[in-house]
Amino acid sequence: ARERLAERLDAYGLTADALAANWIDGRFVEGEGELVTLMDPVTDAPLLSYRDAGAARVEAAASAAERAQREWMALTASERGRRLYRAATGLDGHEERLAGLESLIAGKPQRDCLGEVGKVREMFEYYAGWCDKQHGEVIDVPSSHLNYVQRVPYGVVGQITPWNAPLFTCGWQLAPALAAGNGVVLKPSELTPITSAILARLLERAGELPPGLINIVNGLGPSTGAALTSHPAIAKLVFVGSPETGRRIAEAGASRLVPSVLELGGKSANIVFADAALDDAVAGAQAAIFAAAGQSCVAGSRLLLQESVAEAFLARLTQAVKAIRVGLPDDPAARMGPLQNAAQYRRVQQLIEQALAEGATLLAGGERPAELPDEAQGYFLAPTILGDVTPEMRVASEEIFGPVLSVLTFRDEAEAVALANGTRFGLAGAVWSQDTGKALRVAHQLRAGTVWVNGYKSINVMSPFGGFGDSGYGRSSGPDGLREYTTTRSVWVET
Ligand code: NAD
């Protein structure tokens, strides 16, 4: 893995041992803080090292962003649109290499990472088209004034992202921020540092964006992350990650009166009624939780089955899940790779152990998969199904963020809704039924930012995404996501 990593980094003039992981003011720079060493999720051996960026690097990034943002706003809106559209062409010919890097560091199947690169392209193309369509409005005030409202960028925004889909999340937040006219300082997770920085380089160069418009600072939450959230130049914070950290970010922002958008975790319910098309629902239940080894914010981690169909459904689901191939990220037949890091691996195992001690039953998985290649000494876990879960158990209410499905049963519609809404999260959910009236009635009662009917996981950059409750506030994607990156100025003209 180290050799493949070295080869892929070399194409960008980078080395794995003293990785210059930050992209600041149009160039790669090393950090100044403590050395961070990342382990290979597949082999559990050291993979790469880099230095925590530190406060001085954040300072350099913020002042570069301030300068570049002024240059960016000096262009016409149509010119910004053209450049953002061209920025996406920076990915041309780099798709495989970028996906390969992401796959090595995140331990995700290469195919999934390639899909993420494609999404980044879509995001830039979509938001490029918005640049010259952000009109203000004229208000018919009851006086002789001319009153008009402009949408104005915040200036420099700070973005903080998690480790589960670094490329996707980076593109997801960069594109609307830039389209709205901002400069950006983004800190990826310390566990997945490099693909965001390379992405910034490719976009900035291909789009002829002012150097410093996109800055990526890599490092630890308490040092580099805290330096970013407390930096005076940062006028808005956008955070994607866990509720615990999200609370800290929002508090740091609030202490400076800086607003935030929080895209946090979930414990999404996948509700299957007895009248569902069961083959589709069995396939949907698997894709909902086992894609990305469950390390997805919208994972359908709770399966709610109507009692009358539970036994038959679980028999089919269990059989299908036992056939899921877990393997190396570059194995094209593997549907699941390892978990991303050792701490997450231990936590998931502990949650399974506790659930079993509390009376849940193990219907599938729960241990390392059989038949892995010798080198796979890392964080592999077979897709796991826990039956007889009750709402009081931790696995029914806490986000596990691993390949673990908690199964609960319900009698009727009302109980299904109560169970689904019975956690503090509200990110996503799904309803499976061939009775469209019932499916929609239930869908409309779910306290969740995204709901699927007879499907799971469709998302698109055109449609708003975000949470209720502990899943956060504010929205990303679509016009709503763009609006988060602007504020208004109301101008009154005496006539
Ligand atoms: P995390 O909260 O541990 O870390 C997220 C980011 O916050 C990292 O970059 C980390 O370095 C940074 N951070 C930590 N402490 C900080 C501090 N004091 N100041 C500033 N930054 C700090 O989350 P994670 O474990 O990386 O990611 C998993 C979580 O992300 C899950 O809960 C998952 O559901 C959530 N997630 C949500 C979405 C969404 O769109 N809603 C998408 C992906 C992941």
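All of the numbers you see were taken from the coordinates with simple rules; none came from a lab. Computed from a prediction, not measured in an experiment: that's the story for all the values here. Note that we place each Cβ from the backbone using ideal geometry, even for glycine, and neighbour counts take in every protein chain shown.
Some notes on this structure:
- In this structure the amide hydrogen of Leu339, modeled in the peptide plane, comes within under 5 Å of the amide hydrogens of Tyr379, Phe380, Leu381, none closer than 5 places in sequence on its chain.
- Degrees between helix 278-290 axis and first principal axis of the chain (Cα, 0 to 90, nearest 10): 60 degrees
- A Cα-only calculation for the range 252-382 places Rg and Dmax at 17.5, 55 Å.
- 11 Å beta-carbon shell around Met336, net charge (K/R +1, D/E -1): +1
- Acute angle (nearest 10 degrees) that the helix 77-88 long axis makes with the longest principal axis of the chain, alpha-carbon atoms: 50 degrees
- Sequence-distant residues sharing a close amide H with Gly155 (under 5 Å, placed H): Gly183
- Taking the C-alpha atoms of the range 191-232, convex hull volume expressed per residue in Å³: 62 Å³
- When the Cα positions of Ile105, Leu14, Tyr85 are compared along the charge dipole of the chain, Tyr85 comes out farthest toward the positive end, with charges on each C-beta of Lys, Arg, Asp and Glu.
- Taking amide hydrogens as placed 1.01 Å from N in the peptide plane, the amide H of Leu186 sits under 5 Å from those of Gln159, Asn215, Ile216, Val217, each at least 5 positions away in sequence or on another chain.
- Positive-end ranking of Trp163, Val141, Gly472 along the dipole of the chain, with charges on Cβ about the Cα centre, is headed by Val141.
- Compactness of the range 148-281, taken as the C-alpha radius of gyration over 2.2 N^0.38 Å, stands at 1.23.
- Segment Ala283-Val491, extension gain: residue separation times 0.36 nm, minus the distance between their alpha carbons: 69.4 nm
- DSSP beta bridge pairing in the chain, given as percent antiparallel to the nearest 5: 40 percent
- Local electrostatic count, Asn147, Cβ distance below 12 Å [Lys/Arg +1, Asp/Glu -1]: -2
- In order along the range 96-109, the Karplus-derived 3J(HN,Hα) couplings, from 6.51 cos²θ - 1.76 cosθ + 1.60 at θ = phi - 60°, round to 5, 5, 5, 4, x, 5, 4, 5, 5, 7, 8, x, 8, x Hz, and Gly and Pro are given as x.
- Cβ-based net charge around Ser189, under 13 Å, with every Lys or Arg adding one and every Asp or Glu removing one: -2
- Global form of the range 336-394, assessed from the alpha-carbon gyration tensor, a/c cut-off 1.5: prolate
- Under a model in which nothing but the beta-carbon of Lys, Arg (+1) and Asp, Glu (-1) is charged, the chain shows a dipole of about 920 debye around its Cα centre.
- Cα-based shape type of the range 21-110, given that a ≥ b ≥ c are square roots of the gyration tensor eigenvalues and the cut on a/c is 1.5: oblate
- Degrees, to the nearest 10: 166-179 long Cα axis against longest axis of the chain: 40 degrees
- Charges were assigned to the Cβ only: +1 to each Lys and Arg, -1 to each Asp and Glu. The resulting dipole of the range 1-147 about its Cα centre is roughly 360 debye.
- In order along the range 203-220, the phi-based Karplus estimate (6.51 cos²θ - 1.76 cosθ + 1.60, θ = phi - 60°) of 3J(HN,Hα) comes to 5, 4, 5, 5, x, 6, 6, x, x, x, 5, 10, 10, 10, 10, 10, x, 7 Hz; Gly and Pro are listed as x.
- Within the chain, all pairs of alpha-carbon atoms sorted by distance into 10 Å bins from zero give the percentages 4, 20, 28, 25, 15, 6, 1, 0.
- Tensor-based shape of the range 93-189 (alpha-carbon gyration tensor, a/c under 1.5 rounded, otherwise prolate or oblate): prolate
- Only the Cβ atoms of Lys and Arg (+1) and of Asp and Glu (-1) were treated as charged; on that basis the dipole of the range 312-453 about its Cα centre amounts to roughly 340 debye.
- Measure of compaction for the range 392-495 (Cα Rg per 2.2 N^0.38 Å): 1.40
- Using the rule -39500 (n - 2.57) for each DSSP H run of four or more residues, divided by the residues of the chain, the 222 nm mean residue ellipticity is -11500 deg cm²/dmol.
- The range 7-37-the range 383-403 distance, computed between alpha-carbon centres (Å): 39 Å
- Taking the chain and dividing mean pair separation by its residue count, relative contact order in percent (alpha carbons under 8 Å, at least six apart): 18 percent
- Net lengthening on full extension, Ser255/Gln434 (0.36 nm per residue, minus Cα-Cα): 59.5 nm
- Seen from every direction in turn and averaged, the convex hull around the alpha carbons of the range 1-159 projects onto 12.5 nm².
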